[in-house]
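Colleague: Shown below is the structure under consideration.
Each reported figure results from applying straightforward, stated rules to the coordinates on display, with no laboratory input. Small disclaimer: the values here were computed from a predicted structure and weren't measured. Note: ideal-geometry Cβ built from the backbone for every residue, glycine included; neighbour counts use all protein chains shown.
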Amino acid sequence: MSSPELSIVIPVFNEGLNIVPLLARLKPVLEGITPQFEIVFVDDGSRDNTFAEIAKAHESEPRIHALRFSRNFGKEIALAAGMDHARGKAVVLIDADLQHPPETIRTFVEKWREGWDMVYGQRVDRSADGPLRRWLTQKFYDLFRRFGETPLPPGAGDYRLMDRKVVDAMRRLGERARFTKGLYAWVGFKSIGVPFEVADRLHGESKWGYGKLTRFAFDGLSSFSTLPLKLATVIGLFISFVAFAYGLVILGRTLWFGNDVPGYPSLFVSIMFFSGIQLVFLGFIGEYIGRIFAEVKRRPLYIISDEVGGRQHNRLGPRDDRASPPL
Ligand code: UDP
Ligand code: MG
């Protein structure tokens, strides 16, 4: 089978109500671009009728394919699986909730045909998110820009088009703590942004609570920066320096004025303070070790339980050092 021009990868988790409206808007756009397209859904362990809806859509449209994970592995892993299974010369990643207007794909493809390897959607505003989430997101990206090893373009998310060579590069990155936004930047290539307006979610609600977002933020920072570890050294050095200076002061005072015993409260406070700092940094180190542990176990990234649009595939996600399954 010759490979299609365009693959659309859509991670879905409990999106049963969104499948039909999404396809209704997406398909005309794709038809207008090329009939040589495929749509690859990755059902990330949905507990509703998502997979049944996709299977139904496949009946009338064989260009729709789907993989179903054996459980919820998270959006980042779903994207990785989608890229593993997409065969197009270009691959577009898009959310299922119609927050990413499918019409923008036209511009993505235009830019790609002009020779850009990666075309990313840039949100012009995030008003679809609440003010607190927007503020926290902003802070995270500021932090990342200052301390991460690769800068992230502002407003860029997962909505994007990648040329085949970018996808192949992305597939070589087998890490578990997948901060995909960082990986896009890390692989490089000729990239350009296309502004788009984030719409409101059609049905259901966002699956990203603050807990999950915090995990994700730390995954991002720890995959692309060792700053938290270096912070321990810097603060440790600073405190040692202050302690040394204070030691000299005490020595001088004792020599001049003799010794008196008070000082119990300050002793208590400083012991509490420094044990606190030590525990915090032990925690940081623990986070890194936990992630190293997760990586060295070399488990497959994902497990596929069902497929629609039958192509024989490796059911286990590949790892960087093992041969990727042939497409
Ligand atoms: N998603 C997924 N697995 C998850 C959470 C989300 O595949 O564990 C999918 C979800 O179905 C949607 C996309 O990722 O297509 C974006 O999720 P969501 O709309 O909840 O995130 P937000 O838009 O709030 O960032
Ligand atoms: Mg959404």
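Colleague: Can you tell me the equivalent ellipsoid semi-axes for segment 29-151? Use √(5λ) from the Cα gyration tensor, largest first, whole Å. Walk me through the numbers before you get to the answer.
Modeller: Working: eigenvalues 154, 89, 44 Å².
The answer is 28, 21, 15 Å, longest axis first.
Colleague: In nm, to one decimal, how far is the modelled label at Leu143 from the one at Phe273, with both set 7 Å along Cα→Cβ?
Modeller: Calculated label separation equals 2.4 nm.
Colleague: What is the antiparallel percent of DSSP beta bridges lying wholly in the chain, to the nearest 5? Write out the running numbers ahead of the final one.
Modeller: Values: 13 of 35 bridges.
Restricted to the chain, the bridges split so that about 35 percent are antiparallel.
Colleague: Then there is this: Among Thr180, Ile235, Ser225, flag the residue with its Cα farthest along the positive direction of the charge dipole of segment 130-261, charges on Cβ as +1 for Lys/Arg and -1 for Asp/Glu.
Modeller: Thr180
Colleague: Moving to a separate point now. Using only the alpha-carbon atoms of segment 177-283, report the extent along each of the three principal axes, biggest first, to the nearest angstrom.
Modeller: 75, 36, 24
Colleague: Work through the residues other than Asp44 whose Cβ is under 11 Å from its Cβ and net out their charges, Lys, Arg +1 and Asp, Glu -1.
Modeller: +2
Colleague: If you filter segment 162-251 for chymotrypsin sites (Phe, Trp or Tyr not before Pro), then keep DSSP loop positions with at most 10 other Cβ within 10 Å, what is left? Spell out each step's value before the answer.
Modeller: Working: sites: Phe179, Tyr184, Trp186, Phe189, Phe196, Trp208, Tyr210, Phe216, Phe218, Phe224, Phe238, Phe241, Phe244, Tyr246; in loops: Phe179, Phe189, Trp208.
Answer in residue order: no site qualifies.
Colleague: Could you work out the longest stretch of the chain that avoids the trypsin sites (Lys or Arg not before Pro) located in DSSP loops with at most 14 other Cβ atoms within 10 Å?
Modeller: The longest uninterrupted stretch comes out as 72-171.
Colleague: Would you please name the GluC sites (Glu not before Pro) within segment 164-269 that are DSSP coil residues with at most 12 other C-beta atoms within 10 Å of their C-beta? Don't skip to the end; give the middle numbers.
Modeller: Numbers: sites: Glu175, Glu197, Glu205; in loops: Glu175, Glu197, Glu205.
Those that pass, being in a loop and sparsely packed, are Glu205.
Colleague: Once Lys and Arg get +1 and Asp and Glu get -1 on their Cβ, which of Pro195, Phe293, Leu143 lies farthest toward the positive end of the dipole of the chain?
Modeller: With unit charges placed on the Cβ atoms, the residue in question is Phe293.
Colleague: How big is D for the chain, in µm² s⁻¹ as a whole number, if Stokes-Einstein is applied with the Kirkwood radius of its Cα pairs at 10 °C and 1.306 mPa s? Don't skip to the end; give the middle numbers.
Modeller: Values: Rh = 22.3 Å.
D = 71 µm²/s.
Colleague: Let me ask something additional. Over all distinct alpha-carbon pairs, what is the Kirkwood Rh of segment 9-82 in angstrom?
Modeller: Averaging 1/r across every pair of different Cα atoms and inverting gives 12.4 Å.
Colleague: On a 0 to 90 degree scale, rounded to 10, what angle separates helix 104-113 from the longest Cα axis of the chain?
Modeller: Approximately 90 degrees, to the nearest 10.
Colleague: Given charges of +1 on the Cβ of Lys and Arg and -1 on the Cβ of Asp and Glu, with all other atoms neutral, how large is the dipole of the chain about its Cα centre, in debye to the nearest 20? Kindly include the intermediate steps, with their values, before the conclusion.
Modeller: Values: 43 positive and 37 negative charges, 140 e Å.
Dipole magnitude for the chain comes out near 680 debye.
Colleague: Taking the Kirkwood radius as the inverse of the mean 1/r across Cα pairs, report the Rg/Rh of segment 114-265.
Modeller: Numbers: Rg = 23.9 Å, Rh = 19.4 Å.
My calculation puts Rg/Rh at 1.23.
Colleague: Which residue fluctuates most in the GNM of the chain (Cα springs below 10 Å): Pro11, Pro154, Pro102?
Modeller: Of Pro11, Pro154, Pro102, the Gaussian network model singles out Pro154 as fluctuating most.
Colleague: Would you please give the residues with an amide H less than 5 Å from that of Gly121, counting only those at least 5 places away or on a separate chain, with H modeled from the backbone geometry?
Modeller: Gly157, Tyr159, Arg160, Leu161, Val194
Colleague: What is the magnitude of the charge dipole of segment 185-238 about its Cα centre, with +1 placed on the Cβ of each Lys and Arg, -1 on the Cβ of each Asp and Glu, and no other charges, expressed in debye to the nearest 20?
Modeller: Charge dipole, segment 185-238, about its Cα centre: 200 debye, nearest 20.
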